[in-house]
Amino acid sequence: RLAGPSERVRVLSAFVNALRGQDVAPFELRLPKAGGGHARLQFTLAPILDSEGGVAGVIAIGQDRTEVRELEGQVIHAERLATLGQLAAGIVHEINNPLTSISVYGEYLLSKLKRTGAEHADLKRVERILRSSDRIMSFTRNLLTYARPSKEEPQPVVLNDVVREAVGFCEHIIREAGVAIELSCAENLPKVNAVSEQLHQVFVNLITNACNAVPEEGGRAHVTTRLHGHDRVHIEIQDNGVGIRAAELDRIFEPFFSTRRKGTGTGLGLSIVKNIVEKHGGTIEIDSEVGRGTTVLVTLPCLDD
Ligand SMILES: Nc1ncnc2c1ncn2[C@@H]1O[C@H](COP(=O)(O)OP(=O)(O)OP(=O)(O)O)[C@@H](O)[C@H]1O
Ligand SMILES: [Mg+2]
């Protein structure tokens, strides 16, 4: 009863095969947990034979593989990041000088064309060159976040300040997406031990994702901070956007995974976010329903006052 429709078919056919006395390969099920989230259970089925060799029953042994799967995921993630980091450092190094030339001379030409009264179409063309080089610049900067882990030491940080700053920083994109944003900051939160620029990057990425997901009309986002227990803080970013399909939920933290239109998302955002949050001893959970919206919950340890 716990399994979803597609999993139910697999379970049934496994039991039927076992009842027929056939060998059944072990299979894994993703089942909802009482407290939210999912557990992964691996089942091994074997027929029990009676004295005449007929099948008297089936024995099913379930093993909780949730933690193993999570650890596997973390190892894969860490390996990807390490490879990506090396690659990124090389790419950024090669790209930076020519890109700087494009951008500097582009600016020069643009101002000259404006001064000397060039054709409108040509002005637009140069502007496009500059916009494109900006995109490459911001992409390489994102890549660098992997390549060079920040050397800055964590310090006691007032979380609400960073959250407010991040919302302010996103003002432009919030306005463009027409999102009504609500901010509920708990008073007197203990400080967190963090590199504030990195936390800033976390919230900017999450708010940006929310803005990208909401409908053109009536987009809403709610950012909340609150104490959780006595030694953790929760930061929640909730939106009423398109939501994330179950199959995609498993992949959204992968570097370069993006469902956005080609050329608009690099798919690095959440990967960077997860990396930073985990480096700060925190966790990130995403709960989403297609058509309803998405809630991202970041939990961070806080300092004793
Ligand atoms: N709030 C959200 N609502 C719906 N889908 C989301 C949300 N946040 C993330 N996603 C999904 O996860 C994918 C990966 O997100 P991520 O931030 O890593 O990359 P991106 O936003 O596509 O690109 P980038 O952040 O690099 O510009 C998105 O393409 C989108 O499919
Ligand atoms: Mg993003």
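The values are calculated or read from the model by the stated rules, or taken from the named source; none is laboratory data. Predicted model only: the values in this text are computed from it and were never measured. Every residue, glycine among them, receives a Cβ derived from its backbone with ideal geometry; neighbour counts consider all protein chains shown. Surface areas here come from the heavy atoms of the whole protein model, side chains and all, with no ligands, DNA or RNA. Shrake-Rupley method; radii C 1.70, N 1.55, O 1.52, S 1.80 Å.
Here are the numbers for the structure shown:
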item: Set Thr208, Thr140: member being within 29 Å of Val104 (Cα to Cα) and outside the structural domain of Glu79 (by TED's automatic domain parsing); result: Thr208
item: Helices (runs of 4 or more DSSP H) within the stretch 120-198 that include 1 or more residues among the aromatic types (Phe, Trp, Tyr) and either under 26 Å from Thr299 (Cβ atoms) or open to solvent by less than 60 Å² (accessible area, probe 1.4 Å) (or both); result: 120-147, 159-169
item: Test: Ile276 is open to solvent by less than 20 Å² (accessible area, probe 1.4 Å), assigned by TED's automatic domain parsing to the domain that holds Ala177 and either more than 14 Å from the chain's Cα centre (by Cα) or more than 9 Å from ligand 1 (Cβ to nearest atom) (or both); result: yes
item: Hits in the stretch 199-228 (condition: open to solvent by 60 Å² or more (accessible area, probe 1.4 Å) and either among the small types (Gly, Ala, Ser) or more than 17 Å from Leu268 (Cβ to Cβ) (or both)); result: Glu216, Glu217, Arg220, Arg226, Leu227, His228
item: Number of the condition not met by Arg80 [criteria: (1) of a type in the set (D, E, K, R); (2) surrounded by 11 or more Cβ atoms within 10 Å (Cβ to Cβ); (3) outside the structural domain of Arg131 (by TED's automatic domain parsing)]; result: (3)
item: Members of the stretch 17-32 found to be more than 15 Å from Ile59 (Cβ to Cβ), open to solvent by 60 Å² or more (accessible area, probe 1.4 Å) and either in contact with a helix residue (DSSP H, G or I) (Cβ under 9 Å, 6 or more places away or on another chain) or of a type in the set (Val, Ile, Thr) (or both), listed by number; result: Ala25, Arg30
item: For Asn96: the one exception among (1) of a type in the set (S, T, N, Q); (2) open to solvent by less than 80 Å² (accessible area, probe 1.4 Å); (3) not in a helix (DSSP H, G or I); result: (3)
item: Number of positions in the stretch 180-226 that are touching a Cys at 6+ places or on another chain (Cβ under 9 Å) and free of Cβ contacts under 8 Å to residues at least 60 places away in the same chain; result: 9
item: Tally, over the stretch 248-271, of residues that are modelled with pLDDT under 85 and among the polar types (S, T, N, Q); result: 2
item: Top-ranked residue of the stretch 248-262 - restricted to ones that are open to solvent by 50 Å² or more (accessible area, probe 1.4 Å) and more than 10 Å from ligand 2 (Cβ to nearest atom), ranked as nearest to Leu84 (Cα to Cα); result: Phe256
item: Candidates Thr66, Thr83 - the one that is free of Cβ contacts under 8 Å to residues at least 24 places away in the same chain and within 30 Å of Phe256 (Cβ to Cβ); result: Thr83
item: Checking Asp239 against (1) open to solvent by 30 Å² or more (accessible area, probe 1.4 Å); (2) of a type in the set (Asp, Glu); (3) at pLDDT 95 or above, the condition it does not meet; result: (1)
